[in-house]
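Trainee: Here you go, one structure.
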């Protein structure tokens, strides 16, 4: 008789424990569902940001110009662990080329940069007057100080990135972004806009 008593109480206790465990598991599952539900949107929103930001683009600007050619500049930052190669640039205002300034036969010349612009892993590369720059080849209209232009960079791996830059007057080192690239740069000191 004493052995039947524990069995009689044991069976309801087991059923009660199983029911409580089932409710507890269901609550955990719905709690996990609730905590993981926001994760897909967060990772989905992170993906475009990562794709849009192949490089960091710091201090972008464009040299104001009334006609012909001008150039865009910035500091490009590669925080990744692989080199990044820019193969092209585009804007609605003008056809574009990647350019460099180089010493040829003792004279400074502007020319198309062969092989694109490589920004090494974990480094930065300056696009600046007198150095590498994004060349606007044939302006459809004047670029006035304060104008904001949108540029799209193309990369060797097929990705693209868009950024905006504001135009400003610049006298700089008297470099000329004018026809005749690949030839010695004349002194254009009288044709530059005054510095702000």
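Trainee: Could you give the semi-axes, largest first, of the ellipsoid that matches region 55-168, computed as the square roots of 5 times the alpha carbon gyration tensor eigenvalues and rounded to whole Å?
Mentor: That gives 22, 18, 13 Å for the three semi-axes.
Trainee: Mind sorting 128, 92 by how few other Cβ atoms lie within 10 Å of their own Cβ, fewest first?
Mentor: Exposure proxy ranking, most exposed first: 92, 128.
Trainee: Another question about this same structure. Each label point is 7 Å from the Cα along the Cα-to-Cβ direction; what then is the distance between the points at residue 83 and residue 124, in nm?
Mentor: Roughly 2.1 nm, to one decimal.
Trainee: So, one more: Please give the contour-minus-distance gain from residue 147 to residue 100: 0.36 nm per residue of separation, less the Cα-Cα distance, rounded to one decimal in nm.
Mentor: Full extension from residue 147 to residue 100 adds 14.5 nm.
Trainee: Tell me, what is the FRET efficiency for residue 58 and residue 112 to the nearest 0.05, using R0 = 25 angstrom and their Cβ-Cβ distance as r?
Mentor: Efficiency at R0 = 25 Å is approximately 0.55.
Trainee: Ranked by Cβ crowding within 10 angstrom, fewest neighbours first, how are 67, 97 ordered?
Mentor: Ascending number of Cβ neighbours within 10 Å: 67, 97.
Trainee: Let me ask you something else. By per-residue mean of other Cβ atoms within 10 Å, what is the highest-first order of 158-164, 55-61, 130-136?
Mentor: Top of the packing list down: 130-136, 55-61, 158-164.
Each value in this text was obtained by applying a stated rule to the coordinates, not by laboratory testing. Small disclaimer: the values here were computed from a predicted structure and weren't measured. Every residue, glycine as well, gets a Cβ built from its backbone with ideal geometry; the counts of neighbours run over all protein chains shown.
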